[in-house]
Structure formats: C-alpha cells, structure tokens
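The values are calculated or read from the model by the stated rules, or taken from the named source; none is laboratory data. Remember, it's a predicted structure, so these values are computed and weren't measured experimentally. Neighbour counts run over all protein chains shown; Cβ positions are idealised from the backbone, glycine included.
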Amino acid sequence: MTAIFTQGFAARPIVDRAGKKIGTVTGRPGEKGLIVAFEASGLISGQHGVHLHSAGRCDPPDFASSGPDWSTDGQKHGMAPGGPHDGDWDNLEVAADGHGSTDRMIGRWHHKIPESGLSLVIHADKDDETTQPDGASGERIACGVVIPPAA
C-alpha cells in the first residue's frame, strides 16, 4: 500500500447522506507528506468540522462505517493536551452558494495507516477544537473514501 501514499491518488467521490455525489477528494505528493484536497457543493453555508476517519468506508446515511477520527498514537482531539488527532482538520468554510474546498498536508501519512483504510468526513457543525472525541462537530453529512481497506 505504500505506493499510493507516495504517489497520491486520483479523484474519488464525496457523497451526501442520500448517496449522491457532491464533490471529490484527491491526494498529491508534497514536500513534507501527502496533500489531501477536496471540494464539495450542496452544503449549508457556514463552518463545518472535517476529519479523516479511521476506516475507508462511507456507507450512507450516517457514515458510521467510517469509524472514529484517525489517531495513530491515542492522541486527543483538537487543541486539548495530548492533541491533535492525525485526522483533525481545520473547519471548512462553506460559501452562501453551498460550495467549499480546502486542502491539508498530512505529514504522518506514510505510517500507521489502518488496514481498514481512511475516509474524509464532513460534519454538520463547526468543530470547537476542544470537545472530545470530535469537537462537538455534529452529524456526519458527507463522506469520501480516501484510502480503501487493504485487500
């Protein structure tokens, strides 16, 4: 599986709770890790928590199959002592037209990827970066498989 991490990955779909494609997530190599980028539309304007979750599954409608936030060494969420999770991400700012996009360098990408893969989850609410285990970011409203489960 290492090749996918060093070479990045092509666009993969992000789906909403109805299973409809609303965006894409991609990965490309960067100087200090992997740059994961995504864009999505049809979202409610405002800030939304975004996390990488510890399973490469996105079964609608609740995306519980994506597992908890990705944490390689038992880190806490956000700015709490012992944080952040490897999967913590800045809040996504969604414009009035329902579109949002962002990217993030993931420096620890090359090690401790779970065999179950990874997924990117967009939450209904803003991540407060403090509340455990997910920043009180609310329901999972969209999801995209970043790394599928190991074969």
Q: Evaluate the following for ARG57: is it among the charged types (D, E, K, R), touching a residue at least 60 places away in the same chain (Cβ under 8 Å) and in contact with a helix residue (DSSP H, G or I) (Cβ under 7 Å, 6 or more places away or on another chain)?
A: yes
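Yes/no per residue for (1) more than 21 Å from ASP73 (Cα to Cα); (2) among the acidic types (Asp, Glu); (3) modelled with pLDDT under 95; (4) surrounded by 23 or more Cβ atoms within 10 Å (Cβ to Cβ):
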| residue | (1), (2), (3), (4) |
| --- | --- |
| HIS111 | no, no, yes, no |
| GLY117 | no, no, yes, no |
| ILE122 | yes, no, no, yes |
| ASP128 | yes, yes, yes, no |
| PRO133 | no, no, yes, no |
| GLU139 | yes, yes, no, no |
| VAL146 | no, no, yes, yes |
| ALA150 | no, no, yes, no |
Q | Among the residues listed as GLY82, GLY78, the single one being free of Cβ contacts under 8 Å to residues at least 12 places away in the same chain and farther than 20 Å from VAL15 by Cβ | A | GLY82
Q) Do we find a residue being in contact with a strand residue (DSSP E or B) (Cβ under 8 Å, 6 or more places away or on another chain), surrounded by fewer than 19 Cβ atoms within 10 Å (Cβ to Cβ) and without any contact (Cβ under 8 Å) to a residue 60 or more places away in the chain anywhere in the range 28-35? A) yes
Q) Taking interchain pairs and intrachain pairs at least six residues apart, which have beta carbon atoms under 6 angstrom, with the first residue in the range 120-134 and touching a residue at least 40 places away in the same chain (Cβ under 8 Å) and the second polar (S, T, N, Q) and surrounded by 15 or more Cβ atoms within 10 Å (Cβ to Cβ)? A) VAL121/SER66; HIS123/SER137; ASP125/SER137; LYS126/GLN47; LYS126/ASN91; ASP127/ASN91; ASP127/SER137
Q: Go through the range 107-139 and give me each residue that's part of a strand (DSSP E or B) and either of a type in the set (Ser, Thr, Tyr) or more than 11 Å from the chain's Cα centre (by Cα) (or both).
A: SER119
Q. Considering the range 58-89 alone, what residues qualify as being surrounded by fewer than 18 Cβ atoms within 10 Å (Cβ to Cβ), part of a loop (DSSP other than H, G, I, E, B) and modelled with pLDDT of 90 or more?
A. ASP59, PRO60, PRO61, ASP62, PRO68
**Q.** Filtered residues of the range 36-57 (kept if of a type in the set (Gly, Ala, Ser), modelled with pLDDT of 95 or more and outside any loop (DSSP other than H, G, I, E, B))
**A.** ALA40, GLY46
